[in-house]
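Asker: Questions regarding the structure given below will be posed in turn.
The values are calculated or read from the model by the stated rules, or taken from the named source; none is laboratory data. If you're wondering where the values come from, they're calculated on a predicted model, not measured in any experiment. Every residue, glycine as well, gets a Cβ built from its backbone with ideal geometry; the counts of neighbours run over all protein chains shown. Areas reflect the complete protein model, heavy atoms only, side chains present, ligands, DNA and RNA absent. Shrake-Rupley method; radii C 1.70, N 1.55, O 1.52, S 1.80 Å.
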Amino acid sequence: GDQVEQSPSALSLHEGTGSALRCNFTTTMRAVQWFQQNSRGSLINLFYLASGTKENGRLKSTFNSKESYSTLHIRDAQLEDSGTYFCAHNNNAPRFGAGTKLSVKP
Amino acid sequence: GPKVLQIPSHQIIDMGQMVTLNCDPVSNHLYFYWYKQILGQQMEFLVNFYNGKVMEKSKLFKDQFSVERPDGSYFTLKIQPTALEDSAVYFCASSLDEEVFFGKGTRLTVV
């Protein structure tokens, strides 16, 4: 949506490498959620953050509420990480960015 | 994680007919949402619902759309009448506080 800007729009990684996805908010947000939409279309909850940093396996996310941005770091990418990654702000109801389409290649 | 169930997973309907999409939210959740996603595009917010009332709706939530959750049963999205442009995947979501959980979606095809 207009309030959530995601970059890059598309990303290609080789297995074992890593990168960062970014989400910028145009207004102050209370919290952010990150989702992975897999090839079957299901939305998988990755992180919910009101501040700071969370880590889960090969994924790490930070949320800087003062500067209105969030990042999702992926390390040691695997083929199953392919999909579209969405961030969403959680003011009243999640509003989504346009997503980053990640392709992980052998 | 918590499961939101959507029934059916696919539905094909003739243009002009009525359709009801059903959502079984997480049992102790209080807030309910519907989103629309056209293939390959963004998740678009339609409506959120709390305590028996619509809290907020977007421009995409046309007059032909309605939501309800009678007696704590399914949270439903009804479209009457349907139009070709209503073809999309509709995702239901629910939350207890701010972390929102999504169902797997119902793919609606209007022909």
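Asker: Between B:Lys3 and A:Glu55, what FRET efficiency follows from the Cβ-Cβ distance if R0 is 35 Å, with the result rounded to 0.05?
Answerer: The pair B:Lys3/A:Glu55 has a calculated efficiency of 0.90.
Asker: Now a separate question. How big is the B-A contact in terms of buried accessible area, both chains counted, 1.4 Å probe, rounded to the nearest 100 Å²?
Answerer: Summing both chains' loss of accessible area gives about 1500 Å².
Asker: On to the next question. Of all accessible surface on the stretch A:1-89 at a 1.4 Å probe, what whole percent is carbon and sulfur?
Answerer: Whole-percent figure for carbon plus sulfur exposure: 45.
Asker: Sticking with this structure for a sec: Please give me the summed charge of the neighbours of B:Ser9: other residues whose Cβ is under 11 Å from its Cβ, Lys and Arg +1, Asp and Glu -1.
Answerer: Net local charge, B:Ser9 excluded: +3.
Asker: Where does each of A:Glu55, B:Glu56 land when they are ordered by accessible area, with a 1.4 Å probe and the largest first?
Answerer: A:Glu55, B:Glu56
Asker: Taking only protein heavy atoms into account and a 1.4 Å probe, give the accessible area per residue of the stretch B:5-110 in Å².
Answerer: Here the per-residue accessible area is 51 Å².
Asker: Can you give the net charge of the other residues whose Cβ lies under 10 Å from the Cβ of A:Ser12, counting K and R as +1 and D and E as -1?
Answerer: Neighbour charge sum, excluding A:Ser12 itself: +2.
Asker: Compute the distance from the alpha-carbon center of the stretch A:10-43 to that of the stretch A:45-71, in whole Å.
Answerer: Answer, in whole Å: 11.
Asker: On to the next question. Under a point-charge model restricted to the Cβ atoms of Lys and Arg (+1) and Asp and Glu (-1), what is the dipole moment magnitude of the protein assembly as shown relative to its Cα centre, in debye to the nearest 20?
Answerer: Roughly 200 debye, rounded to the nearest 20.
Asker: Can you give the charge dipole size of the stretch A:48-103 about its Cα centre, rounded to the nearest 20 debye, using +1 on the beta carbon of Lys and Arg and -1 on the beta carbon of Asp and Glu?
Answerer: Taking the Cα centre of the stretch A:48-103 as origin, the dipole is about 140 debye.
Asker: Which residues does the label zone of A:Glu15 cover in the stretch A:91-106, counting backbone N under 19 Å from a point 7 Å along Cα→Cβ?
Answerer: Hits in the stretch A:91-106 for A:Glu15 at 19 Å: A:102-106.
Asker: Taking 7 Å along the Cα-to-C-beta vector as the label spot, tell me the B:Met18-B:Lys59 distance in nanometres, rounded to one decimal.
Answerer: Reported label-point gap for B:Met18 and B:Lys59 is 2.9 nm.
Asker: Please return the longest range in chain B lying between exposed loop sites, taking trypsin sites (Lys or Arg not before Pro), DSSP loop only, at most 15 other beta-carbon atoms within 10 Å, and leaving the sites out.
Answerer: Result, exposed sites excluded: B:4-58.
Asker: May I pose another question? Which translational diffusion coefficient, to the nearest whole µm²/s, is obtained for chain A from the Stokes-Einstein equation, given a Kirkwood hydrodynamic radius over C-alpha pairs, 20 °C and 1.002 mPa s?
Answerer: 158
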